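K.L.:
Sharing a structure here in structure tokens format.
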Amino acid sequence: MNERMVPEVGVLADTPAVVQLNAWLRNWARRLDFRLVDERRCLPPHWVLALGNKGLLGMQVAERDGGLLGLSNFELLRVQRQLGAIDLTLAFFVGLNNGLGIRPIQRFGSPAIKERYLPQLASGRILAAFALTEHGAGSNPLGLSATALREKEGFRVNGSKSWSGSAAWAGVISVFTRHLDEQGRDCGFVGLCLDAEQPGMRQGSEALTLGLKGMVQNQLHFDAALVDPDRVLGSPFAGMAVASDTMAYGRLGIAATCVGGLWRCLQLMMRYSTRRSLGSHRLWDHQYTQRVVDDALCAATAIGGWVDDLALRLDQGLPEAPPQVLAAVKWMASEMLGEVSDAALQMLGARGYCDNNPIGQLWRDARITRLFEGPSETLATFIGQRVQEQPVATLDYLEQTAPGKIAAQRLRQWLADAGPMERLSAGTLRLGECVAWLMLYAQPLDEPSRRWVDFRLEQALHTWERVRSPVRAMPGLAEWINANAGLCDEPQPGEDSTIDPLLMSREGL
């Protein structure tokens, strides 16, 4: 095992800019109390100021646009990895501002919008948010119900948004709605860049989340808000394309952050297992412990190399990876972080279950990665659909490497053997998971990592084979479950936080 600790391939050196930024982050993080932030459900203002002063809240904003760093994609994602190893709440706060927040403005905003907001965003003087999700349209953004009705003066926006990260703190918000023409006919989707002081827009309630408690995620409500036409991001009819571009890049950022989280889990497991005495030997001396750590190391190095490769493709001007590839790397990284953080908590035993130790918070924070920017099931289904309906793009991506050529041949055989499957079937979902493992197999890997990927791919194939068998009929299932569980979720006595009507403003009545 000692010889395995330094991977043989796939390790790229950080640039001087990344080395300097990560060194500053490591030193700065020693002064931060992440547990207190979790308990108070709020980031301290001095964190935002410090990050802004270093340019970390607008890492890719060029100097000509008011930025301090102007990092490449590779550099930004390496910094995100370091942030993920420090604290996931901190990492996703920074990542949201750089990705979902700034990217649509930087890529699709008008010159006037860029001039107004980018310098302030890059310096952290204001924050940015992204509002797409609704209560009835989460993993299916095509189901949006919020509307922007075109009028002579601009767009009249009505509706609500949910779970918008940093929205209550933001100075500018990218909002995506259905686009209705002056006759009320559906014209697709439109993206709008709104100032926090936009008349007719109001902040809604905050979600009390399981993890990432230090970040605010809240609702937004639009009551006939009149938005100037110069606030459009890109084309008035290309709102979903703008949102899709932003979310696809966001998935790559989430994957990089998850890789950092994997390294943090490895660090905690190594510290504990090499110090924990079990009589005459250490926990580390057990072969099972070493296997758990080695599997986690395979995940961190293999997925980290995949993220690096995708970032370098962008920096080198190569054709962008198909969207199913970005969905796959996010699926893989988030699933592995969930698995490894759970293994780390288990290894620490009772210490892992105590909230004064960091693994419990990391485990809770990691859970969201399998939900936002596409739940794992939705992403796997999307990958499976794309592979069946447009296989050439995936095959072309795989065949760029020697192991990828082997993977492509296997995929062709799978598709021939399986035949057509329904788009939303369990078979399509499990096929998507298998393809994600094939994509990882196509990366340059050292031998231990390749053996690990081979093993996990065989497990995924076995699961795919099983779900293709019929599911038993389950009449009366809900009644049977209720009979065994009981109905125990009626409203219980609790705090009343509503303001008395006699004390409300007229608008609040």
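The values are calculated or read from the model by the stated rules, or taken from the named source; none is laboratory data. If you're wondering where the values come from, they're calculated on a predicted model, not measured in any experiment. Cβ: placed from backbone, ideal geometry, glycine included. Neighbour counts: every protein chain shown.
K.L.:
Those residues that are within 21 Å of the chain's Cα centre (by Cα) and at positive phi, I need them from segment 337-378; list them, please.
P.N.:
Glu373, Gly374
K.L.:
OK, next. Can we say Gln106 is assigned to a helix (DSSP H, G or I), in contact with a Leu (Cβ under 9 Å, 6 or more places away or on another chain) and free of Cβ contacts under 8 Å to residues at least 60 places away in the same chain? Let's see the steps before the verdict.
P.N.:
Working: assigned to a helix (DSSP H, G or I): yes; in contact with a Leu (Cβ under 9 Å, 6 or more places away or on another chain): yes; free of Cβ contacts under 8 Å to residues at least 60 places away in the same chain: yes.
When the stated conditions are applied, Gln106 passes them.
K.L.:
What residue, of Ala91, Ala17, Ala29, is farther than 26 Å from Asp245 by Cα and in contact with a Leu (Cβ under 7 Å, 6 or more places away or on another chain)?
P.N.:
Working: Ala91 fails: farther than 26 Å from Asp245 by Cα; Ala29 fails: in contact with a Leu (Cβ under 7 Å, 6 or more places away or on another chain).
Ala17 is the lone residue from the list that is farther than 26 Å from Asp245 by Cα and in contact with a Leu (Cβ under 7 Å, 6 or more places away or on another chain).
K.L.:
Looking only at segment 201-208, decide whether some residue is farther than 27 Å from Arg367 by Cβ, in contact with a strand residue (DSSP E or B) (Cβ under 8 Å, 6 or more places away or on another chain) and free of Cβ contacts under 8 Å to residues at least 60 places away in the same chain. Outline the logic, then answer.
P.N.:
First, pick out the residues of segment 201-208 that are farther than 27 Å from Arg367 by Cβ: 201-202.
Adding the requirement that they be in contact with a strand residue (DSSP E or B) (Cβ under 8 Å, 6 or more places away or on another chain) leaves 201-202.
With free of Cβ contacts under 8 Å to residues at least 60 places away in the same chain added as a condition, the list becomes 201-202.
Yes, because at least one residue in segment 201-208 is farther than 27 Å from Arg367 by Cβ, in contact with a strand residue (DSSP E or B) (Cβ under 8 Å, 6 or more places away or on another chain) and free of Cβ contacts under 8 Å to residues at least 60 places away in the same chain.
K.L.:
Conditions: (1) among the hydrophobic types (A, V, I, L, M, F, W, C); (2) out of contact with any strand residue (DSSP E or B) (no Cβ under 9 Å at 6 or more places or on another chain); (3) in a helix (DSSP H, G or I); (4) surrounded by fewer than 22 Cβ atoms within 10 Å (Cβ to Cβ). Leu118 meets all but one. Number of the miss?
P.N.:
(4)
K.L.:
Would you check if there is a residue in segment 193-211 being closer than 23 Å to Ala241 by Cβ and either at pLDDT below 95 or touching a helix residue (DSSP H, G or I) at 6+ places or on another chain (Cβ under 6 Å) (or both)?
P.N.:
Checked segment 193-211: at least one residue is closer than 23 Å to Ala241 by Cβ and either at pLDDT below 95 or touching a helix residue (DSSP H, G or I) at 6+ places or on another chain (Cβ under 6 Å) (or both).
K.L.:
How many residues are in contact (Cβ under 8 Å) with a residue 24 or more places away in the chain and either under 27 Å from Tyr249 (Cβ atoms) or surrounded by 13 or more Cβ atoms within 10 Å (Cβ to Cβ) (or both) when one looks only at segment 40-54? Walk me through it before giving the result.
P.N.:
Looking only at segment 40-54, we keep the residues that are in contact (Cβ under 8 Å) with a residue 24 or more places away in the chain, and these are 40-43, 47-49, 51-54.
If we keep only those that are either under 27 Å from Tyr249 (Cβ atoms) or surrounded by 13 or more Cβ atoms within 10 Å (Cβ to Cβ) (or both) as well, we get 41-43, 47-49, 51-54.
Residues that pass the stated criteria total 10.
Conditions (1) touching a Cys at 6+ places or on another chain (Cβ under 9 Å); (2) over 30 Å from Ala91 (Cα atoms); (3) assigned to a loop (DSSP other than H, G, I, E, B), marked per residue:
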| position | (1), (2), (3) |
| --- | --- |
| Leu142 | no, no, no |
| Asn158 | no, yes, no |
| Ser164 | no, no, no |
| Gly188 | no, yes, no |
| Gln198 | no, no, yes |
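Yes or no, residue by residue, for (1) buried (at least 21 other Cβ atoms within 10 Å of the Cβ); (2) more than 30 Å from Gly360 (Cα to Cα); (3) of a type in the set (Phe, Trp, Tyr):
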residue	(1), (2), (3)
Leu56	yes, no, no
Ser72	no, yes, no
Phe93	yes, no, yes
Gly101	yes, no, no
Ala128	yes, no, no
Ala131	yes, no, no
Gly138	no, no, no
Gly159	no, yes, no
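K.L.:
Pull up segment 208-241, narrow it to residues that are closer than 12 Å to Pro104 by Cα and buried (at least 24 other Cβ atoms within 10 Å of the Cβ), then point me to the one that is nearest to the chain's Cα centre (by Cα).
P.N.:
Result: Gly239.
K.L.:
Please go through (1) β-branched (Val, Ile, Thr); (2) surrounded by 10 or more Cβ atoms within 10 Å (Cβ to Cβ); (3) part of a loop (DSSP other than H, G, I, E, B) for Thr498 and return the number of the only condition it doesn't satisfy.
P.N.:
(2)
For every residue, the table says whether it meets (1) at pLDDT below 95; (2) of a type in the set (Asp, Glu); (3) within 26 Å of Glu447 (Cα to Cα).
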position: Asp285; (1), (2), (3): no, yes, yes
position: Tyr288; (1), (2), (3): no, no, yes
position: Ala299; (1), (2), (3): no, no, yes
position: Glu320; (1), (2), (3): yes, yes, no
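K.L.:
Does Thr274 count as in a helix (DSSP H, G or I), at pLDDT 95 or above and buried (at least 19 other Cβ atoms within 10 Å of the Cβ)? Spell out how you get there, then give the answer.
P.N.:
On the way: in a helix (DSSP H, G or I): yes; at pLDDT 95 or above: yes; buried (at least 19 other Cβ atoms within 10 Å of the Cβ): no.
Taking the combined requirement at face value, the residue does not satisfy it.
K.L.:
Ok, one more. Using the structure shown, decide if Gln60 is within 29 Å of Arg364 (Cα to Cα), under 20 Å from the mean Cα position of the chain (by Cα) and not assigned by TED's automatic domain parsing to the domain that holds Gln217.
P.N.:
Values: within 29 Å of Arg364 (Cα to Cα): no; under 20 Å from the mean Cα position of the chain (by Cα): yes; not assigned by TED's automatic domain parsing to the domain that holds Gln217: yes.
Here the answer is no, as Gln60 does not meet what is asked.
K.L.:
Can you tell me which residue is nearest to Ala327 (Cα to Cα) among those in segment 436-456 that are within 23 Å of the chain's Cα centre (by Cα), of a type outside the set (D, E, K, R) and part of a helix (DSSP H, G or I)?
P.N.:
Selected residue: Ala436.
K.L.:
Please go through segment 24-38 and give me each residue that is surrounded by fewer than 12 Cβ atoms within 10 Å (Cβ to Cβ) and of a type in the set (A, V, I, L, M), ordered by number. Quick ask: steps written out before the conclusion?
P.N.:
Within segment 24-38, the subset surrounded by fewer than 12 Cβ atoms within 10 Å (Cβ to Cβ) is 27, 30-31, 33, 36.
Within segment 24-38, just Leu36 meets the criteria.
Yes/no matrix, rows are residues, columns are (1) without any contact (Cβ under 8 Å) to a residue 60 or more places away in the chain; (2) over 18 Å from Ala436 (Cα atoms):
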position: Met336; (1), (2): no, no
position: Asp342; (1), (2): yes, yes
position: Asn357; (1), (2): yes, yes
position: Leu362; (1), (2): no, yes
position: Asp396; (1), (2): yes, no
position: Glu399; (1), (2): yes, no
position: Arg412; (1), (2): yes, no
position: Leu415; (1), (2): yes, no
